[in-house]
Amino acid sequence: MRRDQVQSYLVGGVNSPVRAFRAVDEEPLVVARAEGPFVYDEEGRRYLDFIGGWGALILGHAHPAVVEAVENAASRGICFGLSHPGEEELAERIAAAFPWIDRVRLVNSGTEACMTAVRLARAVTGRTLCVKFEGCYHGHADGFLVKMGSGGATLGLPSSQGVPSEIAGTTVVLPYNDEGMVRRLFAEQGEEIAAVIVEPVAGNMGVVPPRPGFLETLREETRRWGALLIFDEVMTGFRVSRDGAAGRFGVWPDLLCLGKIIGGGLPIGAVAGPAEIMDLLSPAGPVYQAGTFAGGPVVCAAGNVTLRVCDEEDVWALLERLGRVLDRHLSSLEGVSYVRCGGMWSLFFLEGGAPLDFQEVQRQDSAAFARFHAVLRSRGILAPPSAYEAWFLNTAMDEALLEEAARTIREEVEEARRG
Ligand code: PMP
């Protein structure tokens, strides 16, 4: 019997849906420990880990400097629920990477960050509608659970039960990378739109970068109509470059959502932006937001040391070098589409070039991906357990490891396509 079918006190055997490995019809991987680029299962088998804490672990697992910082911080007190210097330092480090940011609010997850950003946008504009894009994932707050990516895409759920239609109705969903639809929506309903929220490089339907002009159009239309542009960089922030997708593509949003990397592997999220918007948040302003654990000493210690090491070692240049190893082996593969943006990448079992939106992504051969996933797993490579998730690089990997992995991937792509 599969482990996730055994009677468990955990719902579905897991605490987050993708971990059940249902999309690839496998048993969940139960991790005993992890170090550097590897995770180890309970039987001691070793896997090269391309999940990397879903992108949180830019320095790999159990990086010694992060572990030391966490231990030191914990020994001085795990939870204060009060101010401490580490949170100011983390906010400063974030602001240093994004020069248009004056204020940062630390929260406990990417979900909270996106939820708070939309609440702020509604407060600023006095409007209700939030525009999102099909296949993008912004966490599991009610309004975002409409045609979302990540676990939602994997499970083939167009939405979720338990979300009142009145709330789902405040979200308008458009196809990713479709400038024409954005312009049309604004022309028809521009005065009702509070915010456009977007993954500026989509990562939750596999990696789908923005087409030239897409982000610029979002910037232009939101500005013209007085709506706020929110970049959800929970995955891309400090990953596709030091200043995220915003910096990489030179388009600056009004609000930025961060998470994952800035917590060094511990739970975190952040909303950031200019003072005139951010100072609407409580206690400075009338938009309520709070958190017992927000900006706690241990997560801030992990985040601070992670961002410090990232700067000292220029990890983005390193990830680019590692990425080029994959490019050499995988970009010419037949019958699949390999897409990489900095330290995140995807392989779609799809002919005809890189997909531009969720509909195109859905044409991929998920059964071939599932076969591919299982064989890679048996050969010690842990790919994300869904064709709709990104693969992540980290600096604990090296060129030799990636050469070997890319060769294995090449071989198994051919096999999986044959069926
Ligand atoms: N936004 C994006 C772009 C994400 O990738 C995720 C998580 N994968 C979230 C929001 C939600 O973050 P969390 O799981 O920390 O709530």
**Request:** Write out the GluC sites (Glu not before Pro) in region 28-107 meeting two conditions: DSSP loop, and at most 14 other Cβ atoms within 10 Å of their Cβ.
**Result:** GLU42, GLU43
**Complete:** Residues meeting the amide H criterion for ILE381 (H placed from the backbone, H to H distance under 5 Å, 5 or more places apart or on another chain) are LEU48
**Asked** Got the relative contact order for region 77-312 handy, in percent, Cα pairs under 8 Å and 6 or more residues apart?
**Response** 29 percent
**Largest-first principal axis extents of the Cα set of region 348-413 (Å)** = 35, 23, 19
**10 Å binning of all Cα-Cα separations within the chain, expressed as whole percents from 0 upward** = 5, 22, 33, 27, 12, 1, 0
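Sort 364-372, 289-297, 75-83, 336-344 by the packing proxy (mean of other Cβ within 10 Å over each peptide's residues), most packed first.
Taking the mean over residues of other Cβ atoms within 10 Å, the ranking is 336-344, 364-372, 289-297, 75-83.
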**Asked** Expressed as a rounded percentage, what relative contact order does region 124-222 have, with Cα pairs under 8 Å and six or more residues apart?
**Response** 36 percent
**Message:** Nearest 5 percent is fine: what portion of the DSSP beta bridges confined to the chain is antiparallel?
**Reply:** 60 percent
**Complete:** As a percent rounded to 5, the proportion of antiparallel DSSP bridges among beta bridges in region 77-312 is 40 percent
**Item:** Sorted peptide list for 243-249, 201-207, criterion being average Cβ within 10 angstrom, highest first
**Value:** 201-207, 243-249
**Item:** Of ASN394, LEU318, ASN177, farthest towards positive along the dipole that unit charges on Lys, Arg, Asp, Glu beta carbons give the chain
**Value:** ASN177
**Prompt:** Over region 229-351, what is the percentage of antiparallel beta bridges among all DSSP beta bridges, to the nearest 5?
**Reply:** 65 percent
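Can you give me the relative contact order of the chain as a percent, contacts being Cα pairs under 8 Å and 6 or more apart?
Across the chain, relative contact order equals 23 percent.
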**Message:** Roughly how far apart, in whole Å, are the Cα centres of region 185-230 and region 22-76?
**Reply:** 34 Å
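If you count, for each residue, the other Cβ atoms within 10 Å and average over each peptide, how do 209-215, 190-196 line up from highest to lowest?
Values: 209-215: 18.0, 190-196: 21.3.
The packing order, highest mean first, is 190-196, 209-215.
A short reminder: the numbers here are calculations on the coordinates, not readings from a lab. All of these numbers come straight from a predicted model, not from anything done at the bench. A quick note on method: Cβ atoms are made from the backbone with ideal geometry, for glycine too, and the neighbour counts reach across all protein chains shown.
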